[in-house]
1. Could you list, in sequence order, all residues of region 538-577 that are more than 20 Å from TYR490 (Cβ to Cβ) and either aromatic (Phe, Trp, Tyr) or at pLDDT below 95 (or both)?
2. Counting just the residues of region 586-601 that are part of a strand (DSSP E or B) and hydrophobic (A, V, I, L, M, F, W, C), which one comes out nearest to SER654 (Cα to Cα)?
3. Which residue out of VAL624, VAL628 is over 30 Å from GLU340 (Cα atoms) and buried (at least 21 other Cβ atoms within 10 Å of the Cβ)?
4. Can you give me the number of residues within region 397-406 that are over 12 Å from the mean Cα position of the chain (by Cα) and either crowded, with 24+ Cβ neighbours inside 10 Å or at pLDDT 95 or above (or both)?
5. Report every pair of residues separated by at least 6 positions or lying on different chains whose Cβ atoms are under 7 Å apart, first residue within region 339-364 and assigned by TED's automatic domain parsing to the domain that holds ALA375 and within 27 Å of GLY650 (Cβ to Cβ), second modelled with pLDDT of 95 or more and hydroxyl-bearing (Ser, Thr, Tyr).
6. Please determine, by comparing only the residues of region 407-444 that are acidic (Asp, Glu) and at pLDDT 95 or above, which one is surrounded by the most Cβ atoms within 10 Å (Cβ to Cβ).
7. Quick one: in region 282-322, which of the residues that are of a type in the set (Ser, Thr, Tyr), crowded, with 23+ Cβ neighbours inside 10 Å and within 22 Å of the chain's Cα centre (by Cα) is nearest to GLU561 (Cα to Cα)?
Amino acid sequence: MNAVLVGARRLSARWLLCACLLAAPALARAEFLFVDGFDAGPAPVVRVLRDDRVATIEMDYNADNPWGQFWTMSGSPKDDAGFLVSWWPQTANALDAARAMSGNDSGGMCLNPDHLIAPKLAPIPSDLPPGYKWLVTANRRVQLQPLANNAAYVVRVQRVNALGEVTSLPTQINFNGGDPARVDALRSSLTYFDDFNLPLGAADEKLWNNATVTSTDPRFNLFFINDQFHAHTLNGTRVDNTGDKSQTSQRFRKKMRVESGVRRRVVFDMDGPLSPRSVWYLDLNPVSTDTTAHASFFDEDGAAGLPAGVLRVRAQFQTLSVSLIDMQGASHQVATVDMENAGRQVVTNVRRFFDMRVGTDGVQIFVDGKSLIDAPFAPGAFATGDYELLWVGFGYNTPKDAVPYYLVHWDNFGFDGPTVDARTVHNYVTRIEGTDYQKSQRWNNTFPTFRINIPDDLRPVTANATAEAWLVYTYQMGDYSGLNVLPTDYVKVNGAGQFPLPQPVNNSVPYTASLVQWGMPHTARIKLGNLVQGGGSPLLVGNNTFQFFVDNAGLLNAHVEVLYPPGSAPAYTPPSALHHFPLHAELPRIGPPARLQRIGDTDVGEPQHLSANPPTRITVGGTVPLNVEVGNASWAGWAPQLMHMPVVSGEVWSAGGTAGIATVEVFIRPTGGVAPGTRLALIETARHVPAPQGRYGLQFDSAAFPNGDYDLFVQATTPSGLKSVPSYGDEVHVFDAAALSGAYYPIPIRIQN
């Protein structure tokens with residue numbers, strides 16, 4: 001990456017500021033005392049790291065020792081709360097290039113319609129040039145994207161406080177947009193490489209297969225490319241049926257050969273899931289599988305599953321690890337590192353460059369050029385062979401920690417080595433969104449039919465070329481019965497041809513039947529036949545039906561793969577041209593988190609949660625301090641002044657950034673009254689730009705109210721009107737994801753004066 005340091009132009013400024021905290025006239029007023037004027041603080045220290053179509057911006061950031069860079073917030077809204085980052089093309093040619101790349105102003109977020117609303121950038125300055133974009137953030141690393149490569153840009157960084165006021169002189173840096181050098185070198189040196197430089201929508205179906213499991217919330221099974229030229233895996237756990245381990249998995253359709261005496265190179269750009277129960281895996285599988293049955297959130301030594309003989313790279317929060325799954329299906333950790341301690345802190349939606357070198361003798365992983373893992377394998381522990389690479393976004397009961405869904409962001413994937421199979425794959429599916437899960441059970445004659453539309457003539461276009469048509473699907477139980485596939489079970493294709501069904505694949509050596517356990521997903525492949533130019537086909541042009549006659553099995557992820565020798569593939573209609581492709585923007589939006597963290601001297605916790613039976617009331621009297629947290633979470637009850645960095649926020653995890661906070665309101669109502677009640681306080685938090693986060697220390701005069709039982713409720717609003725999400729820990733169990741933003745979540749109190 002090309003780095004540009006702080007050669008910054010600093011502009012002088014002085015502002016007159018006023019506070020506006022409103023309350024109903026008859027009610028207690030929460031008071032803040034502000035100085036009428038102040039001098040701007042020093043400009044932020046900024047570093048710009050350029051890469052292909054993107055620049056990483058570091059702000060007041062200790063990259064080598066990032067732990068502990070909390071935001072210290074006393075409760076005054078004057079406390080610094082984050083940064084305003086603005087950037088724009090410097091010349092007309094750069095502006096044209098930027099417009100050609102992207103027609104939106106979403107900034108560094110993956111989903112941010114609020115940033116279409118012009119910020120109140122006055123008084124510094126209000127005359128930003130055409131093509132400018134902006135974001136606010138409480139993270140100290142962000143990425144600006146998409147950028148035109150080698151085009152002149154300007155970036156300006158300013159600190160902002162919890163009122164959305166600019167509090168510092170600006171640091172302004174000229175830089176040359178994206179730097180394609182690293183990615184160009186990868187593209188030219190690797191056997192297979194995908195830079196995901198495609199329009200918003202589906203990835204290349206000739207290279208990637210997407211699959212899910214029965215415990216994945218069907219709304220949140222997405223694999224897509226956004227309008228910033230990188231890819232996303234999105235995942236969330238379904239908890240209303242069986243199991244609690246969700247997957248959204250992408251299998252790369254090309255194999256990598258591992259040979260003795262050679263270290264293969266595997267590269268990818270990736271951030272990490274920071275939500276509490278989320279993980280990503282990169283598995284090198286010796287057998288073809290669309291999902292993994294070897295999913296263990298706790299990564300305990302000896303955890304058993306399938307496939308066997310797998311090399312796994314795993315990331316959870318700041319931990320990166322490598323494990324080998326032996327031929328008896330047992331997992332053994334080879335090496336682990338805390339990326340934060342190693343100076344490679346994971347920050348949401350900020351991708352780092354992973355460069356893995358793997359052979360039969362060991363593995364080394366560089367992250368942004370620094371070796372974090374270098375571990376040998378015992379002789380024979382990792383075998384030679386051809387491996388398929390499988391990405392897995394994995395969630396372990398994500399709603400348990402109030403995460404309806406989360407994103408991982410990745411780019412620039414590839415590996416070297418010989419071409420193992422040069423055939424081209426054309427893929428056809430039942431649907432893209434949701435799930436196609438169906439159950440076959442002989443006891444009540446339920447034999448489901450899957451329909452796959454194939455609008456193309458599948459026969460090769462060159463003589464002497466033989467293509468292969470395969471039906472691929474997943475066995476997995478969506479109820480508590482056991483999977484049972486009899487030797488006589490079969491699938492009927494288009495009401496005619498019958499094909500016997502394979503047993504679940506168990507590649508353990510020696511064969512270990514106990515590895516096949518209830519609830520595991522198993523990928524099955526059935527060859528339907530060969531296709532030649534001018535010959536017949538087992539499949540129709542148009543709708544094809546596949547009826548399964550299985551004794552007892554859940555079935556999903558049904559699709560047809562047709563494999564063509566080089567140069568023989570006919571015209572291809574990808575699934576995204578046939579089926580609705582759900583976009584990220586269609587999902588339930590998750591607003592910024594908001595909560596009452598402390599009332600008086602009591603930390604709000606599980607006894608006050610809506611899921612408690614019944615919630616415990618906090619008794620108050622006289623003037624009571626209220627601590628309100630919005631957009632982030634504090635480190636601990638004994639250190640509420642320390643706000644997390646990286647930010648802890650379902651909004652950030654699900655959207656890649658924050659829309660910012662326009663207002664914060666506190667309401668009170670008599671228990672059982674009409675929600676939300678009477679407004680106690682309004683804090684306007686978008687004086688210049690929406691505040692990225694805030695900790696607000698209020699004073700509530702309970703003597704203004706008769707003794708009795710009341711409910712307190714806090715709510716924040718973004719500039720576009722999106723409401724906050726209650727952030728107490730059990731809200732996803734109380735409200736559906738679509739109802740989270742704006743959900744009424746009261747905290748019970750008892751006034752006793």
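1. TYR564, TYR572
2. Going residue by residue through region 586-601, those that are part of a strand (DSSP E or B) are 593-599.
From what's left, hydrophobic (A, V, I, L, M, F, W, C): 594, 596, 599.
Values: ALA594: 16, LEU596: 22, ILE599: 29 Å.
It comes out as ALA594.
3. Details: VAL628 fails: over 30 Å from GLU340 (Cα atoms).
Matching residue, one of VAL624, VAL628: VAL624.
4. 1
5. VAL350/THR56
6. Of region 407-444, the ones acidic (Asp, Glu) are 411, 416, 421, 433, 436.
Now narrow it down to the ones that are at pLDDT 95 or above: 411, 416, 421, 436.
Numbers: ASP411: 26, ASP416: 19, ASP421: 12, ASP436: 21.
Filtering region 407-444 for residues that are acidic (Asp, Glu) and at pLDDT 95 or above, the one surrounded by the most Cβ atoms within 10 Å (Cβ to Cβ) comes out as ASP411.
7. Initial filter on region 282-322 (of a type in the set (Ser, Thr, Tyr)): 288-289, 291-292, 296, 319, 321.
Then drop every residue that is not crowded, with 23+ Cβ neighbours inside 10 Å, which leaves 289, 291-292.
Subset that is within 22 Å of the chain's Cα centre (by Cα): 291-292.
Details: THR291: 16, THR292: 19 Å.
Going through the qualifying residues, I end up with THR291.
Conditions (1) part of a loop (DSSP other than H, G, I, E, B); (2) among the β-branched types (Val, Ile, Thr); (3) at pLDDT below 95, marked per residue:
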position	(1), (2), (3)
ARG253	no, no, no
VAL266	no, yes, no
TYR281	no, no, no
LEU284	no, no, no
ASP290	yes, no, no
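The values are calculated or read from the model by the stated rules, or taken from the named source; none is laboratory data. Treat the numbers as computed from the prediction; the structure is a model and nothing was measured. Every residue, glycine among them, receives a Cβ derived from its backbone with ideal geometry; neighbour counts consider all protein chains shown.
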